[in-house]
Amino acid sequence: MSITLDNIKLSHGTFNLTANFKIESGKKVAIIGPSGGGKSTLLTTISGFKSPDQGKVFINGNDVTLTPPSERPIALLFQDHNLFPHLSVKKNVSLGINTTLKLTDAELRIVDKALSLVGLKNYENKMPFELSGGEQQRVALARSLLRKKPILCLDEPFAALGPAMKKEMLNLVNEIVESTKSTLLMVTHQPEDALHISDETILISGGVVRAPENTSELFSNPPPELIEYIGA
């Protein structure tokens with residue numbers, strides 16, 4: 001699904017952010033820029049958790065500016081993964097289908113398939129505290145997948161992982177997005193993450209969200225704002 005931000009303006013105290021661009025359906029897009037620049041704010045605006053002061057948000061040409069998050073075709077995964085500590089891995093993932101946890105046998109099989117997809121086939125009865133950080137991220141990712149939303153937003157979900165585990169998770173996300181033809185938006189601080197997974201990259205700097213640009217071209221010929229950020 002495509003995403004269009006039409007003359008969006010956001011402000012809070014001294015913080016200001018403007019955005020005016022379109023992301024084509026099925027694109028994998030990284031969002032990069034300095035801390036506090038507005039990367040997470042951009043994702044929460046697209047997802048519906050924050051309303052713009054001005055402008056409109058369109059998804060597939062439909063105005064969703066006033067549509068609540070639960071009714072938008074978006075799955076949002078945060079860095080802290082938000083697992084419920086009192087629920088098993090299987091129940092945490094099951095929440096992606098039904099928040100009452102009353103699932104049919106067919107739906108339970110779907111949960112098992114999702115756990116297998118993220119490499120946690122035999123972890124269904126474990127509790128979150130028994131898992132490593134990477135395993136907890138896999139549970140959160142499996143839950144997000146079961147929401148069957150055509151747009152996947154990742155807000156630095158793998159920042160706390162080591163290089164090997166992060167690369168493995170990025171490869172998994174790439175495989176899933178490719179197979180489902182989903183649109184991906186991923187906030188990251190690391191240029192190598194953007195180069196590893198994204199078709200295009202959005203640079204946020206000085207309160208301005210730049211339109212998506214080809215990732216390899218952007219980093220091959222970086223503008224001054226990007227040079228200042230990455231120190232190259």
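All of the numbers you see were taken from the coordinates with simple rules; none came from a lab. Being a predicted model, the structure only gives us computed values, none of them experimental. Here Cβ is always computed from backbone atoms with ideal geometry, including for glycine, and neighbour counts include all displayed protein chains.
Here are a few things to note about the model shown:
- Label-to-label distance, nm, for residues given as residue 78 and residue 160 (7 Å Cα→Cβ offset): 1.2 nm
- Förster radius 30 Å - calculated FRET efficiency between residue 71 and residue 100 (Cβ-Cβ, nearest 0.05): 0.95
- Between residue 122 and residue 178, full extension at 0.36 nm per residue minus the direct alpha carbon distance yields a gain of 17.6 nm.
- Approximate shape of the chain as ellipsoid semi-axes (Cα gyration tensor, √5λ), whole Å, largest first: 31, 20, 16
- For the chain, the longest principal axis of the Cα atoms and the long axis of helix 163-180 meet at an angle of about 90 degrees.
- Taking all C-alpha pairs of the range 131-232, those more than 23 Å from each other amount to 31 percent.
- Label-point separation, residue 56 to residue 22 (7 Å along Cα→Cβ), nm: 1.4 nm
- Listed residues 33, 162, 119, most fluctuating in the chain (Gaussian network, C-alpha, under 10 Å): 162
- Excluding exposed DSSP-loop trypsin sites (Lys or Arg not before Pro) (at most 10 other C-beta within 10 Å), longest clean stretch of the chain: 1-101
- Over all Cα atoms in the range 83-148, the spread is summed up by Rg and Dmax: 10.4, 30 Å.
- Stretchable slack from residue 211 to residue 189, in nm (0.36 nm times residue separation minus alpha-carbon distance): 6.2 nm
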